[in-house]
Structure formats: structure tokens, C-alpha cells
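Reviewing the structure listed below.
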Amino acid sequence: MNWRSFGEFLAMGGDGLYVWGSFAMAAAAVAWEALMLAQRRHHAVEALRDQAALLRSSARR
Amino acid sequence: MRFASTEPMSLALPSSSDRSRWPAPRWPGRVTAADGYRLAGRALPGCRLAALVFTLAGLAVCLLLVPGDARHGDAARIAFVHWPAAATSVVIYLLVVGWAVAGQRSEGRLAALMARALAPTGALMAFVALWTGSLWGKPGWGVWWQWTPRLSTEMALFVQYVAIMVMQASIDDPRRGDRAGARLAAAGLFLLPMVYVSVAWWPARHAELAVDLPAAPAFVGLLLMTAACGAWALAATLHRLRSLILECEQGAEWLSQLPEARA
């Protein structure tokens, strides 16, 4: 372990803003992509369900 | 394309279940969209788990175990995000071109859909590489940005990704969109060797040959973070592919058999 304290860990030898800014942006990018993917799948599955329900109801008639 | 004069023009391809209307496959055992959907679905949990495990392990190594760099101090840790993202963005571009070209040579749309699924993830990786590189540039070299060959070609790669995505989004006809995307992607292929060798050919203020991290923990950390990046990119791509297949195959018979179709 490199760090003597959590404060040191956060400060990153003075470059904390840059280091944590980088890791935070990478995490934000992953989270944003995950959100977009979930949304897209949600819309696709909803459309699928609507169409399947339509097919079932028209088959019954 | 032949147009029948009395029929309305149909822009939709016959669905994969409507085999009587599909042309004969060029090779045996053609993978259908339904197969692709199921395969991707089976691979997804493993990819996500791998991404999580590699990310946690990689972060532990690069943030806790690796000491600071002799030249750049702790700012060099940015390399553990920057390099994997940049490498992944380059590899994904190669895959986009490969799948897009394969999509042009096949009758089904699965390969073309795979290219469409890869592009946004690649664009995001390129963006992360540019952002983290810039944040490393300030403490390391004193500048946020420089028009050096490596930075410029990576920026060009990001713009190329966005161009492919915008192009395909703006074309309504799926087949024409696939073809346009394939051509644009292939046209940008020259960027990849440029990104790779630009540091050797035009020595400038770029890092990778100059970071003095001690070998073992840094190498392991870099490997883990790269694996994490790759696993995440694969998981995102497969997830997107499944949504694309659902959208593309609307109205197909096999879709109504899926568990998702029952509310």
C-alpha cells in the first residue's frame, strides 16, 4: 500500500484533481452508456410486447 | 434493385424466420438474427461479471499497489485509464470495419448490426482516451492539448466514429445505411496505423515511451484495466446488438416466442 492516509490517497501528490477527474469521467462514461443501453432495450422490449399483444388479439378474432 | 410498378416499395428485409423468401445462404449453417440474439444473451452475464471483476482488481492494483512515477508522480496513474481506453478505441474501430465489410458480403443483417452496435462504444472509448489524456497532459507536460500526430489522429478517430454514427442514423433505409457506414468506416482505416506509429515517426511530447513505472505491478495493473475495458466494451456491444435485433426484426415470428414478449 502506497498511502499513509486517506487524505494522501485523495490528494494524489497534488494531482488529485487530474487523477480523480480522469477516473470520474471514465466512470461517468460507463454509467451513461449503461443508462442509454437500458433505455434502448426498454423501448425495444415495450414495442415487442405491444406488437405481440396485437398479434395475439388479432389471432383470437 | 428491381421495383415492381404496381406494388408499394418495401424497404424492410424479409425477416429471418421467413426462410422461403431469403436467398440461399452462401455458406452452411448461416447464423440467423434469432441465433445472434440468443448467443449474445448467453454471453452477456459472463462479460458483465468479467468487466466488474477486472475493474475492481485493476483499480485496486493501479490505485493502491503501484507507486508513483519517477517523472510524473501520481498523475501517471491516469495512464491506467487512458491507455486501455485508447487501445480499445483503436481495436473497436478495426472490428467495426471488419463487421461492416462482412455485413456487405452477407445477405442477413446480423454482421451489419454488429458494426452498428460497436460504433458508439468505440466512440465513447475514444472520448475517454482524449479526456484522460488531456487531464494527464496538464500536470505532466503543462498543456491541455497539442496538435501532435498522436493526439490529432486520436481526435480524428473520434470524429470518424461520430461521423459513422450520424451517417447511419440519418439514412432511413437499413441496407443503404449499412453500406454507407461500411464505406465510411473503410475510408477511415488509414487512421489506425497513424494512431499507432505516430509516436515513433514523429517524436513529440507523447508519453508511452517515457513513463518509468516499475515493471511488475504496473504491468499487471495495465493488463487488468485493459481486460476490464475490453470486457465492458463487449458487454455493451452485445447488449446494444440485442436491442438492435429486436428493432430490426419487428414483426418476425420468432420474436413473439421470446419470454420478453409476454408482459
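The values are calculated or read from the model by the stated rules, or taken from the named source; none is laboratory data. What you are looking at is a predicted structure, and each value in this text was computed from that prediction instead of being measured. Counting neighbours? That spans all protein chains shown, and the Cβs are built from the backbone with ideal geometry, glycine included. Each accessible area value is taken on the protein alone, full model and side chains, heavy atoms only, with ligands, DNA and RNA left out. Shrake-Rupley method; radii C 1.70, N 1.55, O 1.52, S 1.80 Å.
Describe numerically, in nm with one decimal, the distance between label points set 7 Å from Cα along Cα→Cβ at B:F190 and at B:V159.
Reported label-point gap for B:F190 and B:V159 is 1.4 nm.
Would you check the accessible area of A:S5, probe 1.4 Å, heavy atoms only, in square angstrom rounded to 10?
60 Å²
Report the extension gain between B:F219 and B:W147 in nm, rounded to one decimal, defined as 0.36 nm multiplied by the number of residues separating them, less their alpha carbon distance.
Values: separation 72, 0.36 × 72 = 25.92 nm, distance 2.88 nm.
Result for the pair: 23.0 nm of gain on full extension.
Tell me, what is the FRET efficiency for B:V166 and A:E46 to the nearest 0.05, using R0 = 22 angstrom and their Cβ-Cβ distance as r? Each step should come with its number before you reach the end.
Working: r = 26 Å, r/R0 = 1.17.
Computed FRET efficiency for B:V166 and A:E46 comes out at 0.30.
Measuring from centroid to centroid over Cα atoms, what is the spacing of chain A and the stretch B:220-263 in Å?
Taking the Cα centre of each part, chain A and the stretch B:220-263 sit 14 Å apart.
Run the quick spin-label model on B:R262 and B:E247: label points 7 Å from Cα toward the beta carbon, then report their separation in nm to one decimal.
Between B:R262 and B:E247, the label points sit 2.8 nm apart.
Out of the stretch B:135-196, which chymotrypsin sites (Phe, Trp or Tyr not before Pro) are coil in DSSP terms and have no more than 14 other C-beta atoms within 10 Å? Display every interim value, and only then the final one.
On the way: sites: B:W136, B:W141, B:W144, B:W145, B:W147, B:F158, B:Y161, B:F190, B:Y196; in loops: B:W144, B:W145, B:W147.
Taking the stretch B:135-196 and a limit of 14 other Cβ atoms within 10 Å, the loop chymotrypsin sites (Phe, Trp or Tyr not before Pro) found are B:W144, B:W145, B:W147.
Once you average over the residues of A:36-42, how many Cβ atoms of partner chains fall within 10 Å of each Cβ? Intermediate results must be reported in sequence, preceding the final value.
Numbers: counts 5, 11, 2, 1, 7, 6, 1.
Mean shielding by partner chains, rounded to a whole number: 5.
Mind checking B:229-241 for the average number of partner chain beta-carbons within 10 Å of each residue's beta-carbon?
That works out to 2 on average.
Note the angle between two axes, namely the Cα long axis of helix A:16-60 and the longest principal axis of the Cα atoms of chain A, as a number of degrees from 0 to 90, rounded to the nearest 10.
The angle comes out near 10 degrees.
In nanometres, what is the gap between the two model label sites at B:L65 and B:A102, each 7 Å from Cα along Cα-to-Cβ?
Simple spin-label model gives 3.4 nm for this pair.
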